[in-house]
Amino acid sequence: MKRFRRLLPRRTDEGFSLIELIIAMTFFGMLMLGFLSLFPLGMRSVQKSGKMSIASSLAQDEIERLKALPRTDPDLTAGTHVDAGNPIQGVYSRAWSVTDDVPLAGMKSIDLAVSYTDNGIPRNVQISTYLSR
């Protein structure tokens, strides 16, 4: 039996030492701080794209409304028009300009813009369409 015990390796360390545990926890903590710093950047990107999506939707909705109007409607007269509901949702401002006989005689060109601010930076979404008689 003594000879058999000599063949088996002795286990001198049972688990982790306190220093190994502290080093591992420090490394894990620094790694988590790195990941946590990415969350605010991701949230800003989500908010920015959300505002742009809403502005695009507001622009498209107004273009569809204008296309459905009779060609003699006051909103389709030549010149610049401002949405009476501005500011929309307290953030967005919508305006459009109508030009007669562009690109051909008897047609109307509509250029619509939805403006908003994103963290103090002015932003615009623009959309254009043409109407025939």
List the number of the failed condition for ALA24; all other conditions in (1) within 30 Å of THR117 (Cβ to Cβ); (2) more than 37 Å from the chain's Cα centre (by Cα) hold. (1)
Residues that are modelled with pLDDT of 95 or more and in contact with a His (Cβ under 8 Å, 6 or more places away or on another chain): find the strands (runs of 3 or more DSSP E) completely inside region 86-133 holding 2 or more of those. 93-100
Residue that is surrounded by the fewest Cβ atoms within 10 Å (Cβ to Cβ) [pool: residues in region 98-133 that are among the acidic types (Asp, Glu) and free of Cβ contacts under 8 Å to residues at least 40 places away in the same chain]: ASP101
Are any residues in region 56-85 hydrophobic (A, V, I, L, M, F, W, C), assigned to a helix (DSSP H, G or I) and surrounded by 12 or more Cβ atoms within 10 Å (Cβ to Cβ), and if so, which ones? LEU58, ALA59, ILE63, LEU66, LEU76
If only one of SER37, SER49 is under 30 Å from VAL91 (Cα atoms) and modelled with pLDDT under 85, which one is it? SER37
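The values are calculated or read from the model by the stated rules, or taken from the named source; none is laboratory data. All figures in this text were calculated on a predicted structure; none of them were measured in a lab. Positions of Cβ are generated from backbone atoms using ideal geometry, with glycine treated the same way; all protein chains shown enter the neighbour counts.
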